Amino acid sequence: MSKLERIDLFDLKSGSLFVLFLLFIASLSLTYEYHKYSEFKRFDDPMIRAEVIDQEVRLISNQPKTSMKLQLDNGSLCRCIMSPYLRDLRGREILVELQVKNVTFLDYLSRFNARASIIEVYPQLKLKEQWYKHIASMHTDEMMQELYGALFVATPMSKEFQTLVGAMGLSHILSISGYHFGILSIIAYFLLRPPYRWLHNRYFPYRHGNRDLFLMVLGLLFIYLWALEFIPPMVRSFGMIAVGYWLYDRGLKIVSIQTLLITVGLLLAFFPKLFFSLGFWFSSFGVLSIFIFIRYYEEWKPWQIFLALHIWCYLVMLPISLAIFGTFGWWHIGSIPLALLFNLYYPVVLALHLTPWGDFFDPYLMTLFGTGDVHRIVIPVWIGYASIFIALMAMHWKSAFWALGILSIGTLGAAIYQIA
């Protein structure tokens, strides 16, 4: 029996109608955001409740100052400079007075800087910060506290550690993203499957078992997403999982540029602030690179795809990441086998943090990061933009696929040459 061919969701006419639908939703979303912006700007110095997302002391004009990143109650992000003597308020909710006279609507949607004064600090920690305190208590080294905080509850890493992680090519596996969401989905599915199968066979065999399991997994992922306060890369991943299964369940193509565009379009239409999230776009480009490879080599054996994808995604992400961040080191090349090992390490270390032995790997990780090096390199921005354009073309033409590979290998060679 021949395998049934999966079909595309939209033709030209229905696709045009879907785009009009997205534009309609986007207009409603932007209207609502502008209403919130108008309320926010009613006074030049409004008092608003906010959560402290990040806080660190930096040298500004050769003077130590506390740089504080706030997420306001209206969903906006704000960066404030305050006294260097503030105690650690990360995870706390505060009542803050902001000077917003010069804040534009575009600033409101993306992120803005403002003078601020803290009026009150509320004692209750957010759930996310409670988890972080518990995780941090299992580690004595500050670097390990930052690492596992970023890995499990998406707490920001310090600028120095983030630079080191970026130079070692480990940002995508140590900063929580859709990559982790995928691993968690698999773990949740295999943990839920045995008890559900027993109940399914015994009490309701008429139900669609895989669909029920998917909805349970999706529900657990949404709770986790809510607890982590809807991090943009995870929002993209959650949307991709939901849309992907919906298409798969109806016999439609999943691995296609259309699926990615549908997911990105829906998320941007409903949440226009995602447009200004670099993490959201990096995550989306990562999915595109996976789709490109599977588009041409889906007939390979699963283990071959698994290994090749890690190499391919590493290479494809290089031009844009190096063009933007410009940090590289010898360990960057070694991040490929480390990414492979991470698939085993992540569920193991997750389980260890449910026991008193969460610091089991700390000595080995501290040795690893101690050998890391950071070099500044220069990759022209147009190289990054060219890689995005060629990647979009590669979904239709294999010649573009090879051109993307050549560009990526050339970028890696240029980076190694600059640090050699």
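The values are calculated or read from the model by the stated rules, or taken from the named source; none is laboratory data. Quick caveat, the model's predicted, so the values are computed rather than measured. Cβ: placed from backbone, ideal geometry, glycine included. Neighbour counts: every protein chain shown.
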TODO: Kindly indicate whether any position in region 187-194 is under 18 Å from F152 (Cα atoms), at pLDDT 85 or above and either not assigned by TED's automatic domain parsing to the domain that holds L318 or not in a loop (DSSP other than H, G, I, E, B) (or both).
DONE: yes
- [ ] Using the structure shown, decide if L318 is surrounded by fewer than 20 Cβ atoms within 10 Å (Cβ to Cβ) and hydrophobic (A, V, I, L, M, F, W, C).
- [x] no
Task: In region 68-95, the residues that are modelled with pLDDT of 80 or more and touching an Asp or Glu at 6+ places or on another chain (Cβ under 6 Å) - done: K69, Q71, E93, L95
TODO: Please determine, by comparing only the residues of region 206-218 that are out of contact with any helix residue (DSSP H, G or I) (no Cβ under 8 Å at 6 or more places or on another chain) and closer than 18 Å to Y248 by Cβ, which one is surrounded by the fewest Cβ atoms within 10 Å (Cβ to Cβ).
DONE: H208
- [ ] With respect to G358, determine if the residue is more than 20 Å from the chain's Cα centre (by Cα) and buried (at least 16 other Cβ atoms within 10 Å of the Cβ).
- [x] yes
TODO: Please name all residue pairs, on different chains or six or more residues apart, with Cβ atoms under 6 Å, provided the first residue is in region 57-69 and is among the aliphatic types (A, V, I, L, M) and surrounded by 12 or more Cβ atoms within 10 Å (Cβ to Cβ) and the second residue is assigned to a strand (DSSP E or B) and modelled with pLDDT under 80.
DONE: none
- [ ] Under 6 Å between Cβ atoms, at least 6 apart or on separate chains: pull out the pairs that start in region 202-221 with a residue that is free of Cβ contacts under 8 Å to residues at least 24 places away in the same chain and in a helix (DSSP H, G or I) and end on any residue that is surrounded by 11 or more Cβ atoms within 10 Å (Cβ to Cβ) and aliphatic (A, V, I, L, M).
- [x] none
TODO: Could you check, for region 111-121, whether at least one of its residues is out of contact with any strand residue (DSSP E or B) (no Cβ under 7 Å at 6 or more places or on another chain), in contact (Cβ under 8 Å) with a residue 12 or more places away in the chain and over 21 Å from V57 (Cβ atoms)?
DONE: no
TODO: Could you list, in sequence order, all residues of region 269-284 that are over 15 Å from M234 (Cβ atoms) and either among the small types (G, A, S) or buried (at least 18 other Cβ atoms within 10 Å of the Cβ) (or both)?
DONE: A269
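Condition (residue is out of contact with any strand residue (DSSP E or B) (no Cβ under 9 Å at 6 or more places or on another chain), among the basic types (K, R), surrounded by 14 or more Cβ atoms within 10 Å (Cβ to Cβ) and modelled with pLDDT under 80) applied to region 232-244: is it met by at least one residue?
Quick first cut of region 232-244, residues out of contact with any strand residue (DSSP E or B) (no Cβ under 9 Å at 6 or more places or on another chain) only: 232-244.
Those left that are additionally among the basic types (K, R): 236.
So of that shortlist, the ones also surrounded by 14 or more Cβ atoms within 10 Å (Cβ to Cβ) come out as 236.
Now restrict to residues that are modelled with pLDDT under 80: 236.
Yes, because at least one residue in region 232-244 is out of contact with any strand residue (DSSP E or B) (no Cβ under 9 Å at 6 or more places or on another chain), among the basic types (K, R), surrounded by 14 or more Cβ atoms within 10 Å (Cβ to Cβ) and modelled with pLDDT under 80.
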Task: Flag for G178 being at pLDDT below 85, surrounded by 13 or more Cβ atoms within 10 Å (Cβ to Cβ) and more than 26 Å from H310 (Cα to Cα) - done: no
- [ ] Identify all residues within region 258-281 that are in contact with a helix residue (DSSP H, G or I) (Cβ under 7 Å, 6 or more places away or on another chain) and either farther than 14 Å from S110 by Cα or among the charged types (D, E, K, R) (or both); write none if there are none.
- [x] T259, L260, I262, T263, V264, G265, L266, L267, A269, F270, K273
Open item on the list: Can you tell me how many residues within region 137-161 are without any contact (Cβ under 8 Å) to a residue 12 or more places away in the chain and among the hydroxyl-bearing types (S, T, Y)?
Closed with: 1
Task: Per-region count, region 46-67, residues part of a loop (DSSP other than H, G, I, E, B) and modelled with pLDDT under 85 - done: 2
Task: Of all residues in region 98-110 being touching a residue at least 24 places away in the same chain (Cβ under 8 Å) and either buried (at least 18 other Cβ atoms within 10 Å of the Cβ) or under 23 Å from the mean Cα position of the chain (by Cα) (or both), the one that is farthest from K65 (Cα to Cα) - done: L109
Open item on the list: Is it the case, given these coordinates, that E93 is in contact (Cβ under 8 Å) with a residue 40 or more places away in the chain, in a strand (DSSP E or B) and not assigned by TED's automatic domain parsing to the domain that holds Y224?
Closed with: yes
Open item on the list: I want to confirm something. Restricting to region 136-170 and keeping residues that are assigned to a loop (DSSP other than H, G, I, E, B) and within 15 Å of the chain's Cα centre (by Cα), which single residue is nearest to I324 (Cα to Cα)?
Closed with: L170
Task: Boolean, L228 is in the same structural domain as M393 (by TED's automatic domain parsing), hydrophobic (A, V, I, L, M, F, W, C) and surrounded by 20 or more Cβ atoms within 10 Å (Cβ to Cβ) - done: no
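One line per residue, one yes/no per condition, for (1) crowded, with 19+ Cβ neighbours inside 10 Å; (2) within 20 Å of the chain's Cα centre (by Cα):
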| site | (1), (2) |
| --- | --- |
| W303 | no, no |
| L322 | yes, yes |
| S335 | yes, yes |
| Y346 | no, yes |
